[in-house]
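Novice: Quick one: the structure is below, and I'll ask about it shortly.
The values are calculated or read from the model by the stated rules, or taken from the named source; none is laboratory data. Note that this is a predicted model, so its numbers are computed, not measured. Neighbour counts run over all protein chains shown; Cβ positions are idealised from the backbone, glycine included.
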Amino acid sequence: MEKLKILVERSKDRDHEAFREIFEVLEPRVFSYACSHVERREDAMDITQETFIDLWKALKKFSYRTPEEFYGFMFLIAKKKIARFYKSKKNDVSLEGSEIDEGFTEEHEDHRFLLRHIGTLSEKYQEILRLRYWSGMKLAEAAKILGIDEGTAKVRHHRALAMLRTRMENR
């Protein structure tokens, strides 16, 4: 991933074209990760956009060593954006059951059904599933981001799938 290093270094020098390339490659992964945390597509889009805005601002201070460290840096920004999103929504009124909520398709319902079950797992299991399936990361990459070794990531992944399978079967 020497190209990523070059793009990051160019972006640090405020090269808009280099940053656009980073965005085009990584936006689907960040968006999928955000989708795994929020119910509305629009909210995931906002979180994704804010993540890349903050990444652009923070790149000057970032020291590139490995792709995994860069991904970890970026997903940490995304995770903080998601936390801020929920903190800001604490006092909001739920629109569930309103005519706005009726716009969801069956596909969205399936997605929300799965997310509800994933939400019953502990945070460490939720994160490994979100990074693996929504962000399309290999377990080795997810391990780096989570600050654990690859063997631990594999065990968590296996356990998370087993618990999820059991919970969905018992429904």
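Novice: Between a residue in the stretch 20-48 that is outside the structural domain of L131 (by TED's automatic domain parsing) and on the phi < 0 side of the Ramachandran plot and any residue that is of a type in the set (S, T, Y) and in a helix (DSSP H, G or I), which pairs come within a Cβ distance under 7 Å, given they are 6 or more apart or on different chains?
Specialist: I22/S11; E27/T48; V30/T48; V30/T51; F31/T48; A34/T48
Novice: Collect the residues in the stretch 67-84 that are under 16 Å from C35 (Cα atoms) and more than 13 Å from the chain's Cα centre (by Cα), keeping them in residue-number order.
Specialist: Correct list: R84 only.
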